[in-house]
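Right, one structure below, let's go through it.
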Amino acid sequence: SQTIHQWPATLVQPVGSPLSLECTVEGTSNPNLYWYRQAAGRGLQLLFYSVGIGQISSEVPQNLSASRPQDRQFILSSKKLLLSDSGFYLCAYRDRGYNEQFFGPGTRLTVL
Amino acid sequence: GEDVEQSLFLSVREGDSSVINCTYTDSSSTYLYWYKQEPGAGLQLLTYIFSNMDMKQDQRLTVLLNKKDKHLSLRIADTQTGDSAIYFCAETRTGFQKLVFGTGTRLLVSP
């Protein structure tokens with residue numbers, strides 16, 4: 001069966017520090033991968049998606065970047081965090097040929 | 001453009017039915033989804049419906065789609081306190097990679 005992992009679960013970082021959030025998927029090959037951000041009390045905003053290794057599409061201009069170094073690994077990064085980067089970050093995947101998108105447990109990021 | 005709207009809040013009593021509504025603007029929407037998010041957790045896919053259907057039932061959940069009015073609803077029968085959560089609707093089009101989400105409806109079920 002497929003599972004999706006995210007870590008860390010929570011993170012508190014100072015403004016200006018770097019960021020690396022990791023997402024891995026098990027039990028599938030060549031999935032589409034997604035990073036979303038959910039600000040407090042808000043809906044989900046798609047940040048990045050990837051259809052294959054090294055292929056990243058950015059949805060909104062921002063202080064963040066994404067990379068996909070391996071088929072089932074998706075990383076969200078920043079060189080210098082801003083206060084506005086605080087939020088709940090969710091990774092998701094979708095198997096090719098299927099319509100369902102499944103989400104990981106999320107990472108709560110607080111930038112102070 | 002793409003836009004998905006939901007009411008922000010719904011309060012019901014345990015045992016009643018809950019109806020959560022969603023409207024969307026993209027007439028090309030092909031699949032419409034309902035997700036559930038419990039506090040501090042990720043999103044759980046509840047069900048989805050293809051745009052050529054007008055109803056789908058899965059145990060206590062009934063999804064109704066009015067494609068003409070671009071209106072989607074989720075009915076939860078015999079609502080339980082464990083159903084308290086935020087419910088998101090989302091839409092996508094065939095061949096597109098991304099889901100467009102509504103702002104979510106917070107359902108509060110009181111005993």
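Since every read-out is calculated from the coordinates, none of them should be taken as a lab result. Predicted, not measured: the structure shown is a model, and the values here were computed from it. All Cβ positions, glycine included, derive from the backbone under ideal geometry; neighbour counts span all protein chains shown.
If I take all pairs of Cα atoms in the protein assembly as shown, what percentage of them are more than 20 Å from each other? The partial results should precede the final answer.
Details: 14755 of 24753 pairs.
In whole percent, the long-distance tail amounts to 60.
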Legend entry - Sorted by Cβ neighbour density within 10 Å, fewest at the top, the residues B:C22, B:C89: B:C22, B:C89
Legend entry - Lys, Arg +1 and Asp, Glu -1 on Cβ, resulting dipole of the stretch A:59-112 about Cα centre, debye, nearest 20: 180
Inset, instruction - Let me have the relative contact order for chain A, percent, based on Cα pairs under 8 Å that are six or more residues apart. - result: 36
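Output the relative contact order of chain B, whole-number percent, from Cα pairs under 8 angstrom with separation of 6+ residues.
Numbers: 276 pairs, mean separation 42.2, N = 111.
After rounding, I find 38 percent.
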Inset, instruction - Would you kindly work out the equivalent ellipsoid of chain A from its C-alpha gyration tensor and give its semi-axes, the square roots of five times the eigenvalues, largest first in whole Å? - result: 23, 14, 13
Inset, instruction - Kindly write out, for the stretch A:51-68 in residue order, the coupling ³J(HN,Hα) from the Karplus curve 6.51 cos²θ - 1.76 cosθ + 1.60 (θ = phi - 60°), rounded to whole Hz, with x marking Gly and Pro. - result: 9, x, 4, x, 9, 10, 10, 9, 8, 9, x, 6, 8, 10, 9, 9, 9, 10
